[in-house]
Amino acid sequence: MQLDLDFVRAQFPAFAEPSLQGQAFFENAGGSYACKPVIDRLTRFYHQRKVQPYHPFEASRLGGAEMDEARTRLAAMMGIATDELSFGPSTTANTYVLAQAFRQHLKPGEAIVVTNQDHEANTGPWRRLADSGIEVREWQIDPVTGHLPLDRLPKLLAGARLLCFPHCSNVVGEVNPVAEITAMAHEAGAMVCVDGVSYAPHGLPDVAALGADIYLFSAYKTYGPHQGIMAIRRAPGMALPNQGHVFNGEVLYKRFTPAGPDHAQVAACAGLADYIEGLADHHGGAGLDPRGKAALAHDLMRAQETALLQPLLDYLSSRNEVRLLGPRRAEGRAPTVAVQVEAPAGDLAARLSRHGIMAGAGDFYALRALKAQGIDPAQGVLRLSFVHYTSRAEVDQLIGALDREL
């Protein structure tokens, strides 16, 4: 089934915004456009329900109910229990809080495994556990391909208590085999924390199928407000020390939220469920359960992205002036495409902007991944990232602009 792109783009007000006309957005990995249901819910909350939730008066009751709706519906789509999903101010903050819980949970001398493929927000807090005597082992990428070699993992997992790795890197783009890696970690007796920030915009993850103990992603990169969303399964979540208020210690979705949540933004996250459900319904999935609708939307998104990605990869592979990071085949990678160029990458991004191309340049907080591939983070890379609402005409516009500027 082919994605109805006209229907999709009608769900995003940015495409009707006069100030954005003629511009093609290729920095989605830094933050996507927000869908209309999210914007509508956020606006309604601030107009009608901006009070402390969960009191008996109507505005408060409705506000709390909408917050609960967001958690219930998104959890169902991800194949987890409602209380296994929690919200925080960002994925960076959620990861930091988790790391503090593991700092208390682990004993000096015990080991965790991290990678150098990660965004610093996921790897940095875990690496700081070394200050408390925790052994930190690094699963290193191939310096040529950026790939995480599975054959190196068993030795690293021996005796380890936790493995932290990305579903896909925000500069390499390769989609890692999460279910396979998770099974290897569990067999070795380690828990698994997956950074899904760079994958979730391309299809909501089925956490139950992946098997991860913890899965994190950012709503603002997934068509929503600036919230971090965390799935943490009940067994590990209740085994880790409570990081929230003492009176919230028995409530799983509150245990890793030290401060009160942003009520309006949590409620607006129900708009993500609205969008995914509407997308599935429009494409014949009205009879599916929430998990089935999320799976249909996921497959529609990935098929659209894969079809548009291959021409861009082919073009970049043909240019001697650039080095394409990650796989050259669209299957098995996200449409997050980083390239090393001869001049500072920021210069090329600025020139592309004259052609209506909105793209980013820099290190994207993936300094370790860039250094491991022989790239100076100060020079950075040009990153061209898109999602399912991108059109073929916009990809052609990008390729044309690159052709003129390279």
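The values are calculated or read from the model by the stated rules, or taken from the named source; none is laboratory data. Just so we're clear, the structure is a prediction, and the values are computed from it rather than from any experiment. Glycine also receives a Cβ, built like all others from the backbone with ideal geometry; neighbour counts cover every protein chain displayed. These accessible areas exclude ligands, DNA and RNA; they are computed on the full protein's heavy atoms, side chains included. Shrake-Rupley method; radii C 1.70, N 1.55, O 1.52, S 1.80 Å.
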Query raised in the report: In the structure displayed, which of 50/254; 221/254; 155/221 lie more than 32 Å apart, Cα to Cα?
Result: 155/221
**Report entry** Label-to-label distance, nm, for residues given as residue 144 and residue 59 (7 Å Cα→Cβ offset)
**Finding:** 6.5 nm
Query raised in the report: With the radius of gyration and the Kirkwood radius both derived from the Cα set of the range 303-406, what is their ratio Rg to Rh?
Result: 0.93
Report summary line: In a Gaussian network model of the chain with springs linking alpha carbons closer than 10 Å, the residue among 36, 371, 254 that fluctuates most is 371
Report summary line: Rounded to the nearest Å, the spacing of the alpha-carbon centers of the range 239-312 and the range 4-44 is 18 Å
Query raised in the report: Regarding the chain, what is the average projected area of its C-alpha convex hull, in nm²?
Result: 19.8 nm²
Requested in this report: Lys and Arg at +1, Asp and Glu at -1: add these up for the other residues within a Cβ distance under 12 Å of residue 402 and post the number.
Outcome: -1
Report summary line: Comparing 119, 105, 355 in a Gaussian network model of the chain (Cα, 10 Å), the one with the largest mean-square fluctuation is 105
Report task. Return one whole number: the accessible area per residue of the chain in Å², for a 1.4 Å probe. Result -> 39 Å²
Report summary line: Within the set 138, 69, 180, GNM on the chain using Cα springs under 10 Å gives the largest fluctuation to 180
Query raised in the report: Taking only C-alpha pairs under 8 Å that are 6+ residues apart, what is the relative contact order of the chain in percent?
Result: 24 percent
Requested in this report: Grab the eigenvalues of the alpha-carbon gyration tensor for the range 171-257, scale each by 5, take roots, and send me the semi-axes largest first in whole angstrom.
Outcome: 23, 19, 9
**Report entry** Environment charge at residue 23 (Cβ cut-off 15 Å; Lys +1, Arg +1, Asp -1, Glu -1)
**Finding:** -1
Requested in this report: With label points built 7 Å along Cα→Cβ from the Cα atoms of residue 131 and residue 399, find their separation and express it in nm.
Outcome: 4.9 nm
Query raised in the report: What ³J(HN,Hα) values, in whole Hz, does the Karplus curve 6.51 cos²θ - 1.76 cosθ + 1.60 give for the range 277-282 when θ = phi - 60°, with x put for Gly and Pro?
Result: 5, x, 5, 5, 4, 5
Query - Cβ-based net charge around residue 43, under 13 Å, with every Lys or Arg adding one and every Asp or Glu removing one - result: +3
**Report entry** Carbon/sulfur fraction of accessible area - the range 9-148, other protein chains in place, 1.4 Å, %
**Finding:** 56 percent
